[in-house]
Amino acid sequence: MLNNNPLYNLSTSESKPSLNRKRALGIYYTPPEAALIMARWAITHHTNKVLEPSFGGCAMLTAAVTVYESLGTQNPSSQLYGFDVDNKAFEYLARMNLKNENGHFQKKDFLKSSANDIRVDAVLANPPFVSYHRLNNAQRILTNKLRQRYLPELPKLASLWVYFILHSMAFLRNGGRMAFVLPNAIGHADYAQPLLSFLQTRFKDIQLIHVSEQLFIQEGASERITLLLMKDYYCDDTHHPSNLHHSYVSSINELASLMSNTETKKFNLSIKDSAQIALDNLNEKLTQLGSIANVKIGEVVGDIKFFVRSIPQWQALGISKRDLVPILTKSTQLIGLDAPSATHENLVSFLLHTNRKRVKAITEYLDSYPIESLQNNKTLLNRPQWYECSYETNADAFIGSITHDYPRISLNQGLISASNAFYKIILTGSLEAKRWLPLLSLSTPTRLSAEILGRVRGSGGIKLEPSDVRKLSIPTVFPNISDEDFNSLRNAINKLVISKEFDAANQIVDSELYIKTGLVDANTMSKLRTLRLELTSLRK
């Protein structure tokens, strides 16, 4: 029904900027269904004035017009305000037949604008998803000025969309509402907490709705989003900080159902909160991985495509095996419970690692590295010798920084190293734990803690930081079984992992590690497993 409205087709027009250009600008046009849901929440009266600070494909404005018409508004153009720097945005605006005689829509960087006498009842926004590291110098200077003006305690590395939130508040009337489409970094980034704490002093009610469905697939992007809904704005901080409510939905349809209830009731305790409470109730039976191991980032190669290749590729360049060392660079190189060794040339990659720079083939290869690329690569420039990467094989095991199926831990039996796509687990306590590490990662408590700690990525995977890995839940004691019985168990689990039968492996490991040892009873484990499955389903 929405898709039959010609206005909504503007957001999928063939005349949009190229995907590469849009990604550079952080442009992801809002799906019309999501825009309409947000507009219905934000616009509460036919006289409301609305600001869209970066109107882009006009999905938000289109949705606002639809809501205005349903409320009987005669001239929506007079109640809408907007900013954008993209010519295409104004082409869309013209096709919508929204008049701009009063100059409400300005071709200007919103962050350079002044509110003056503009005061709106609602802000509807899908600001650019641009990280600090992608900002140019002029943008960094501008955002730093805004940071000093609005929230000096905000970390300097905050993304561009943060400043759209802060600056929008200057245009908002007391009692007003704001509805933003944001990347899910709002729920976990270092700069998110001071931002949310500040917003809690300015709005009576704040809701974060985390959506696991990928809404920007048509844009060639994998970003997952969170909706930030705030109402009852106060321009000062005289009232008591409000509560922050979280909710998790899997799809737009579920979002519509949830939003219809936001005015009448608060969200229930989130699944993550319930899962954390369930693990906390087992605090005497569980400990953290960090209690028995250090976790360090893998080798920072600097340029994987240049320094890491397969043996045949290196040999074609005239570079011999004696100048190469094995290194893990991607999760697809992992098959069973163990990381591959140097003998698995079809699985493992090889890093150029040598002191023999004067060997002709190596000299010629290093000389082929583009000067411009070298000058723009801080990792390489900060090395004593730009081409010399660190390489240590002391890790007992590896765990990927991003995981999809489970937080896979692989034993380093072959004494190799890994790139910074992985973290190194180096045991500090009993070596008895080493043989159990891969099995631990299949267990429900470890998997559940990873779901709680990890940040959902666009691909549906979860990102773990080294500090998160150290907090993964493991049992306080390990089963006392013979080497023969352990090897039999390990072989069975290894076969299941190779076959990708992770749930079957999970149930066997739970039984051996927790249920048979009496650490956790079967009923409790079943509840933990249900919580884990719910969290996993939300991100996939």
Pair list, Cβ < 6 Å and 6+ apart or interchain, from segment 493-515 residues that are more than 16 Å from Leu411 (Cβ to Cβ) and of a type in the set (Gly, Ala, Ser) to residues that are surrounded by fewer than 22 Cβ atoms within 10 Å (Cβ to Cβ) and at pLDDT 95 or above = Ala504/Leu496
Hey, can you tell me all the residues within segment 314-338 that are part of a helix (DSSP H, G or I), under 30 Å from Asn491 (Cβ atoms) and touching a Lys or Arg at 6+ places or on another chain (Cβ under 9 Å)?
-> Ser331
If you go through segment 290-304 one residue at a time, do you hit one that is modelled with pLDDT of 95 or more, basic (Lys, Arg) and within 30 Å of Asp468 (Cβ to Cβ)?
-> yes
Is at least one residue of segment 89-99 out of contact with any Asp or Glu (no Cβ under 8 Å at 6 or more places or on another chain) and closer than 26 Å to Tyr234 by Cβ?
-> no
In segment 490-522, what count of residues is obtained for those that are over 25 Å from Lys424 (Cα atoms), among the aliphatic types (A, V, I, L, M) and not in a loop (DSSP other than H, G, I, E, B)?
-> 5
Could you look through segment 166-199, keep only residues that are in contact with a Phe, Trp or Tyr (Cβ under 7 Å, 6 or more places away or on another chain), surrounded by 23 or more Cβ atoms within 10 Å (Cβ to Cβ) and of a type in the set (A, V, I, L, M, F, W, C), and pick out the one that is nearest to Tyr248 (Cα to Cα)?
-> Leu182
Here the residues within segment 120-158 that are part of a helix (DSSP H, G or I), within 29 Å of Met38 (Cα to Cα) and among the β-branched types (Val, Ile, Thr) are Thr143
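Pick from Ile118, Ile37: which is over 30 Å from Lys145 (Cα atoms) and not polar (S, T, N, Q)? Break it down stepwise before answering.
Values: Ile118 fails: over 30 Å from Lys145 (Cα atoms).
Every option except Ile37 fails the conditions.
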Unmet requirement for Lys471, which otherwise passes all of (1) charged (D, E, K, R); (2) more than 23 Å from Ala278 (Cβ to Cβ); (3) in contact with a Leu (Cβ under 8 Å, 6 or more places away or on another chain) = (2)
Might you check whether a residue that is touching a Lys or Arg at 6+ places or on another chain (Cβ under 8 Å) and either at pLDDT 80 or above or not in a helix (DSSP H, G or I) (or both) occurs anywhere in segment 258-270?
-> no
Taking segment 358-389 as the search range and keeping residues that are loosely packed, with under 13 Cβ neighbours inside 10 Å and charged (D, E, K, R), which one is modelled with the lowest pLDDT?
-> Arg358
Would you please name the residue that is nearest to the chain's Cα centre (by Cα), looking only at residues in segment 323-354 that are without any contact (Cβ under 8 Å) to a residue 24 or more places away in the chain and loosely packed, with under 14 Cβ neighbours inside 10 Å?
-> Thr332
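The values are calculated or read from the model by the stated rules, or taken from the named source; none is laboratory data. Bear in mind that the values here come from a model prediction, so they are computed numbers and not experimental data. All Cβ positions, glycine included, derive from the backbone under ideal geometry; neighbour counts span all protein chains shown.
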